[in-house]
Amino acid sequence: MPELPEVETVRRRLLHGLHGEGAVRGARIVIVDVVDPAVVRSGALQRLVGRRVVDVTRRAKWITLHTDAAVKLVVHLKMTGDLHVVDAADANSARFVRLRLFLDDGRCLVFTDPRRFGHVDVTDDANSLFADLGPEPLDAAFTAAALAARLRGRRAIKATLIDQRVVAGLGNIYADEALHRAGIDPRRSTLSLTTIEIHALHRAIQEVLYGGIAAAEKELAWRYESRTAASPFSVYERAGLPCLRCGTTLASTSVAGRLTVWCPHCQR
Ligand SMILES: [Zn+2]
């Protein structure tokens, strides 16, 4: 499942272009082709016709295409969604296409999604979709104190971290990675964390996310389709393998219904 770093990489690709794939910013949408109507959660896609894309932003795992009018396209990639800009001539050959936005420069923005969990909203008020989300972990406002203020209750710290109301965009992979980096046992009660541990966790969250973005941009990110590249992760899907820091065999359990991997030696 794409998490914040992978979604941020898609955003940057659409905004600036990446690896030879051009940016969508500045292009005008001339035809909207809803290939799979189930992908539309709310709004009228045809409102986008004639609009120019002026910005691409991310909130948690949503990507918003802003236009030269109030109307915006908000995309949630969910498990397997992806957005690519291709030549219009190639827009028919892409697989698992759910939505196509033909652009005035002969290209096409294609939303693909093999498993069809992704969806789009067309709205003037994207923020209303994000009302329940916690702070962005890479925003300047997300300080250690801001994190501390949100760490409440007795549930496992892993369960707290993947709660989108606590921190937006942190999922199963990067929660495990951050806890390993911070040396904190994922099963610990949230309120048992000391101030020093919260500071370490705050730093670890930002470090693993920035590391994830760098890896995704270098296309080292472990693709959910082809797991051929070396894994950039320390614990994710490494249960039973040696800890990269101390060599202890990594343990796994279920926390909040999610597979959780940790090092019994490094994480206390
Ligand atoms: Zn270890």
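The values are calculated or read from the model by the stated rules, or taken from the named source; none is laboratory data. Please read all numbers here as calculations on a predicted model, not as lab measurements. Cβ placement follows ideal geometry from the backbone for every residue including glycine, while neighbour counts extend to all protein chains displayed.
Could you please find all residues in segment 54-69 being of a type in the set (Val, Ile, Thr) and under 14 Å from Asp124 (Cα atoms)?
Thr64, Thr67, listed by residue number.
The residues of segment 231-268 that are closer than 20 Å to Leu209 by Cβ, of a type in the set (D, E, K, R), in a loop (DSSP other than H, G, I, E, B) and modelled with pLDDT of 90 or more, listed by number, are Arg238, Arg245. Selection of segment 77-99 for residues being part of a loop (DSSP other than H, G, I, E, B), surrounded by 19 or more Cβ atoms within 10 Å (Cβ to Cβ) and of a type in the set (A, V, I, L, M, F, W, C) yields Leu77, Ala91. State whether the residues of segment 24-31 include one that is surrounded by fewer than 19 Cβ atoms within 10 Å (Cβ to Cβ) and touching a Leu at 6+ places or on another chain (Cβ under 6 Å). Yes, segment 24-31 has at least one match.
Within segment 241-263, residues that are within 9 Å of the ligand (Cβ to nearest atom) sit with their Cβ atoms under 6 Å from residues that are of a type in the set (Lys, Arg), at 6+ positions apart or across chains, in these pairs: Leu250/Arg238. Within segment 138-167, the set of residues being assigned to a loop (DSSP other than H, G, I, E, B), surrounded by 19 or more Cβ atoms within 10 Å (Cβ to Cβ) and touching a strand residue (DSSP E or B) at 6+ places or on another chain (Cβ under 7 Å) comprises Ile162 only. Residues being in the same structural domain as Gly26 (by TED's automatic domain parsing), farther than 24 Å from Gly20 by Cα and at pLDDT below 95 are entirely absent from segment 94-108. Among residues of segment 195-216 that are in contact (Cβ under 8 Å) with a residue 24 or more places away in the chain and under 17 Å from Ala60 (Cα atoms), those with a Cβ under 6 angstrom from a residue that is buried (at least 19 other Cβ atoms within 10 Å of the Cβ) and of a type in the set (S, T, N, Q), sequence gap 6+ or separate chain, pair up as Ala216/Thr9. Can you say whether Asp121 is under 20 Å from the mean Cα position of the chain (by Cα) and assigned by TED's automatic domain parsing to the domain that holds Ala69, as far as the supplied structure shows? Spelling it out, Asp121 is indeed under 20 Å from the mean Cα position of the chain (by Cα) and assigned by TED's automatic domain parsing to the domain that holds Ala69.
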